[in-house]
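*Asks:* Dumping the structure here so I can ask a few things about it.
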Amino acid sequence: MHRLSEPELALIEMVREVAAERIAPAADRYEREHTFPRELFDLLAGLDLTGLPFAGEVGGSGVSQRTYLMVVEEVTRAFAALGMGLSVHTLATWGIDTYATPAQRERFVPDLVAGSMLGAYSLSETGSGSDAAALTTRAVRDGDGYRLTGTKAWVTHGGVADRYLVMARTSDDGARGISAFVIDADQPGMTVAPPESKIAMWASPTAQIVFDDAPVDADRLLGGEEGRGFGTAMASLEGGRLGIAACAVGLAQAALDEAVRYARQREQFGRPIADFQGVGFLLADMAARTEAARALYRSAAEQRDQGLDIGRVAAMAKVVATDAAMQTTTDAVQVFGGVGLTTDVPVERYLREAKILQIVEGTNQIQRLVISRSLTAS
Amino acid sequence: MKIIVPVKRTPDTAAEKVIGDDRTVDRDAGESVLCPVNEFSIEEAVRLKESQDAEVTVLLVGPESAQSTVRKALSYGLDGGLQVTDDAIAGSDALGTARVIAKALESREWDLVIFGNQSTDARTCLVPAAVAELLGVPSLTYARHLEVEGDTVTVHREHEEGWDVVEAQLPAIVSVVEAINEPRYPSFKGIMAAKSKPLDVVSLADLGVSADEVGAGNAAATMYEFEPRPPKEAGTVVEDDGSGAAAAQLADWMVDKKFA
């Protein structure tokens, strides 16, 4: 087992303190107001938490994936929309940082790492979700640059992000015809549709982005080469899946914390309901499931830190952790009984948030496809 | 400008305190933390560092194990640490502690010392003024606002009826109350950098303090007895049923408690 260094322990301690004192108390208000918590993202930025796993030369702290994901878990435990936001921001930043030319890296990455800019990632379209390579947004050569036309869908941070990693088609050659572009919020010819009305994570806007003959400079083609977009998108998602797994564990832990607290305090038949095995065993399963999911995502993170291929294990971590979160948040509502169905307590929100995690960054069916194909590939 | 911020390691305020056989707080019984009041004095120093490029040193008197507290203080972005560690200091009263701090301050150059007005363990509020007296420098206590311009320090000194505006020439000693600011959290880079900031650990002999000026045996104050604070009583709830009766009840309560 990887041991945390003293500064890493201090980091987690600091994040827990900030999460308990500043983030968790604000979560419900942002959710009800359907407002992105930019002030809280700025708070994370000021504490150097928006670029943890990136190298010092772009302003990062160079921590391991494992440590970075522990921070995502703690933030999500306090406020899921913010924790997922941190994961999505990091996923977009990672894609740019990894595949940029040196000049692009210097130009695009430091502001994201510093958190003065919020990142977003845009692959899906209404007609291409799981079948991402079928995307149709086009980037047509125009003199020295490109013209982008098409509609991207379900973009997390759509409308509030400052910098988007956008996948668009530069040729008809299937997945090999996809390129990645770095697009800023002030891009002419780009508009953002009103956010989707959705089941949960109301504080995290999800929106379509519409490109209408948008002129994009050639130096915004990530890596300076066409056709590399699909590889960039898929590699970024691998890390993103670990991010979602960490989010799921944070969310499951939050649900468990609430359920344990309530089960000890709520009395029926003259004693706390935690004394009844029907409830106690439910709590036990919730805890065991959460801990198993935590162990799996951290193991996957360690493999990534060691430079190993994590395609299969990242998919496993995502599916195990988000399914665990779904079951655990459902059980937490059950422990609360009637109260759990009301918005007076946060567990109904956790349940709705867990459903989102089973779908984003590749549905859990796609994760199973990744796993099964890797098992049976010759 | 050079600033020194004395800090203290105190038992976690959230934890139950244990009083040992020697009638002092058993510091090994629970977790110890950077005294929460110091977060405000550190914040004030960091603001002066940002606005006036001040160089800030953290000063701690305490056992070797308190080094983590010095590092914690440094993680807010301070420049270096000075720790006075000596077995003879154990059990010192406020005056003994003040003697050690005064000597430690004499060993350094500084323009301003920013204390917390009290520590969350003993809460005597004596040390800042005692240190100023020993050093013969102005003492500006209970500051809820602090400004430094040139070699003049101005504070708003809090008291029951409001505050006084008090001014002194540097060098001076200030103690701050929690109303003065909203402390920040240490950033991760601050935490990383704290590891490699210079930290000098000195003994009483290094500072020229004689062991018979400090420690439990030389304390001017003696603790004879202690008892836990009685639990808080439930407050009075006045419910407003719209009839106006609540106003009368509230007025009666205020008269009863001699508020009116």
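The values are calculated or read from the model by the stated rules, or taken from the named source; none is laboratory data. Just so it is clear, the structure is predicted and the values come from calculations on it, not from any experiment. Reconstructed Cβ throughout: ideal geometry from the backbone, glycine too, with neighbour counts over all protein chains shown. Just so you know, the surface numbers come from the protein's heavy atoms only, side chains and all, with ligands and any DNA or RNA stripped out. Shrake-Rupley method; radii C 1.70, N 1.55, O 1.52, S 1.80 Å.
*Asks:* What shape does segment A:6-114 take by its C-alpha gyration tensor, where a ≥ b ≥ c are the square roots of the eigenvalues and a/c under 1.5 counts as rounded, a/b above b/c as prolate, and the rest as oblate?
*Replies:* Values: a/c = 2.36, a/b = 1.48, b/c = 1.59.
Note, shape of segment A:6-114 comes out oblate.
*Asks:* Would you list, by chain and number, the lysines whose Cα falls below 27 Å from the Cα of B:Lys189, excluding same-chain residues fewer than 8 positions away?
*Replies:* Within the straight-line limit of under 27 Å, B:Lys189 reaches these lysines: B:Lys2, B:Lys8, B:Lys49, B:Lys72, B:Lys197.
*Asks:* Among the lysines, select those whose C-alpha is under 21 Å from the C-alpha of B:Lys258, and discard any that sit fewer than 8 residues away in the same chain.
*Replies:* Correct list for B:Lys258: B:Lys232.
*Asks:* Taking the Cα centre of chain A as the origin, how large is its charge dipole in debye, to the nearest 20, when only Lys and Arg (+1) and Asp and Glu (-1) carry charge on their Cβ atoms?
*Replies:* On the way: 36 positive and 49 negative charges, 197 e Å.
Computed about the Cα centre, the dipole is about 940 debye.
*Asks:* Here is a follow-up. What number, in percent, do you get for the relative contact order of segment A:304-378 if the mean sequence gap of Cα pairs under 8 Å and at least 6 apart is divided by its residue count?
*Replies:* On the way: 50 pairs, mean separation 30.0, N = 75.
Over segment A:304-378, the number comes to 40 percent.
*Asks:* Suppose a student asked you for the relative contact order of chain B, using Cα pairs under 8 Å spaced at least 6 residues apart; what percent would you report? Don't skip to the answer; put the middle values down first.
*Replies:* Details: 486 pairs, mean separation 58.2, N = 260.
In percent, rounded to a whole number, it is 22.
*Asks:* A further question follows. So if R0 is 41 Å, what FRET efficiency would B:Ser65 and A:Glu267 give, r being the distance between their Cβ atoms, rounded to the nearest 0.05?
*Replies:* On the way: r = 43 Å, r/R0 = 1.05.
So, using R0 = 41 Å, E works out to roughly 0.40.
*Asks:* Based solely on its DSSP helices, what 222 nm [θ] is calculated for the protein assembly as shown when runs of n ≥ 4 H residues each add -39,500 (n - 2.57) and the sum is averaged over all residues, nearest 500 deg cm²/dmol? Show your work: numbers first, answer last.
*Replies:* Working: 18 runs with 263 residues, N = 638.
Helices in the protein assembly as shown give a 222 nm mean residue ellipticity of -13500 deg cm²/dmol.
*Asks:* Would you be so kind as to identify all helices of chain A, as entire DSSP H runs, whose Cα atoms reach 24 Å or more along the helix's own axis and whose mean Kyte-Doolittle hydropathy is at least -0.5? Before the final figure, lay out the partial values.
*Replies:* On the way: long enough: A:80-99 (29 Å, 0.72); A:229-265 (53 Å, 0.46); A:277-305 (41 Å, -0.27); A:311-336 (38 Å, 0.56).
Helices passing the filter in chain A: A:80-99, A:229-265, A:277-305, A:311-336.
*Asks:* Moving to a separate point now. How big is the accessible area of A:Lys355 in square angstrom, nearest 10, if you roll a 1.4 angstrom probe over the protein chains?
*Replies:* About 80 Å², rounded to the nearest 10.
*Asks:* Right, another one. Averaging sequence separations of C-alpha pairs under 8 Å and six or more residues apart, then dividing by the length of segment A:6-114, give the relative contact order as a whole percent.
*Replies:* 30 percent
*Asks:* How much of A:Asp323 can a 1.4 Å solvent probe reach, expressed as accessible area in Å² and rounded to 10?
*Replies:* 50 Å²
*Asks:* What's the average, rounded to a whole number, of partner chain beta-carbon atoms within 10 Å of each residue's beta-carbon in B:192-201?
*Replies:* Details: counts 10, 1, 3, 4, 0, 0, 0, 0, 0, 0.
For peptide B:192-201, the averaged partner shielding equals 2.
*Asks:* Calculate, in nm to one decimal, what B:Glu147 and B:Lys195 gain on full extension: separation in residues at 0.36 nm each, minus their alpha carbon distance. All intermediate terms of the calculation are to be shown ahead of the outcome.
*Replies:* On the way: separation 48, 0.36 × 48 = 17.28 nm, distance 3.03 nm.
This chain segment gains 14.2 nm when fully extended.
*Asks:* If I ignore ligands, DNA and RNA and count only protein heavy atoms, how much of A:Glu226 is accessible to a 1.4 Å probe, in Å² to the nearest 10?
*Replies:* Result for A:Glu226: roughly 80 Å² accessible.
*Asks:* Here is a follow-up. Leaving out same-chain residues fewer than 8 places away, which lysines sit with a Cα under 19 Å from that of A:Lys198?
*Replies:* Once the sequence-local lysines are set aside, what remains near A:Lys198 is A:Lys152, A:Lys355.
*Asks:* Looking at chain A, send over the antiparallel percent of its DSSP beta bridges, to the nearest 5.
*Replies:* Details: 27 of 32 bridges.
So the antiparallel bridges in chain A amount to around 85 percent.
*Asks:* Let me ask something else about it. Using label points projected 7 Å from each Cα along Cα→Cβ, tell me how many nm separate A:Glu196 and B:Ser107, to one decimal.
*Replies:* 6.4 nm
*Asks:* Under 10 Å, Cα contacts only: if you run a Gaussian network model on chain B, which one of B:Ala193, B:Ala102, B:Ala245 comes out with the highest mean-square fluctuation?
*Replies:* B:Ala245
*Asks:* Keeping every protein chain present and rolling a 1.4 Å probe, give me the accessible area per residue for the protein assembly as shown in Å².
*Replies:* Numbers: 29600 Å² over 638 residues.
On a per-residue basis, the protein assembly as shown sits at 46 Å².
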